[in-house]
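Below: the structure, in structure tokens.
No lab work stands behind these numbers, since they all come straight from the coordinates. All of these numbers come straight from a predicted model, not from anything done at the bench. In this analysis, Cβ positions are derived from the backbone assuming ideal geometry, glycine residues included, and neighbour counts consider all displayed protein chains.
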Amino acid sequence: MKRVRIAAWISIAVLVLAAGAAYLLRPNVGALPGRLPLAAGIGGPFELTTQEGRRLSSAELAGTPFALFFGFTHCPDVCPTTMLELSNTIKALGPDADRMRFFFVSVDPERDTPAQLKLYLSNFDPRITGLVGTPEEIAAVAKAYRAIYEKVPTKDGFTYNHTALVYLMGRDGRLAGTINYQESADTQLKKLRRLIGA
Ligand code: NI
């Protein structure tokens, strides 16, 4: 049942992005040159706390491409899979990976303290920065990225369903693309290379 719900959320996210792509590819009727109305609407300023306890503002990211993923450290499958694959892609990028940033934003402020996030991320590439926030801060950043997350009770606690996309944000702060769940390693690498212009 849980997998079905996760699959449903993923499907919704894919549909939203497909609709966005269709919108972007429509005949140009009055859009400003170079402006992508829907893509321009995804993303936005945020201020969150890193796994080191430091406040990080998106203003620091001006001019730097970045990848951003929403998840939680107790996630049994989607998050560890995505972080492992992203870590492999970062290694494959080599020094070029330093031309962009990588973020894991927790949607579980109750359990994901900076220390918990630090412990969790020690399993993955150290270039992935963990971000936590208050429930209000998380809600705001998720809304800005049109990401969905939903707390779901389980017999021994709770879990979250969440959007499984990695958002790829360009130097201009706009959505440049996404990595979809379990996309091939080759495709993931090509997408990151394109993002950083390598
Ligand atoms: Ni997850």
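Some values worked out for this structure:
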item	result
Residue list for segment 100-158, restricted to those being without any contact (Cβ under 8 Å) to a residue 60 or more places away in the chain and acidic (Asp, Glu)	ASP108, GLU110, ASP112, ASP125, GLU136, ASP156
Entirely in segment 54-147, the strands (runs of 3 or more DSSP E) that have 3 or more residues that are within 16 Å of the ligand (Cβ to nearest atom) and surrounded by 22 or more Cβ atoms within 10 Å (Cβ to Cβ)	66-71, 101-106, 128-132
Residue tally, condition acidic (Asp, Glu) and more than 23 Å from GLY157 (Cα to Cα), over segment 111-136	1
Flag for GLY43 being touching a residue at least 40 places away in the same chain (Cβ under 8 Å), surrounded by fewer than 16 Cβ atoms within 10 Å (Cβ to Cβ), among the small types (Gly, Ala, Ser) and more than 16 Å from the ligand (Cβ to nearest atom)	no
Hits in segment 98-119 - residues which are more than 28 Å from ALA62 (Cβ to Cβ) and either within 16 Å of the chain's Cα centre (by Cα) or not aliphatic (A, V, I, L, M) (or both)	ASP108, GLU110, ARG111, THR113, GLN116
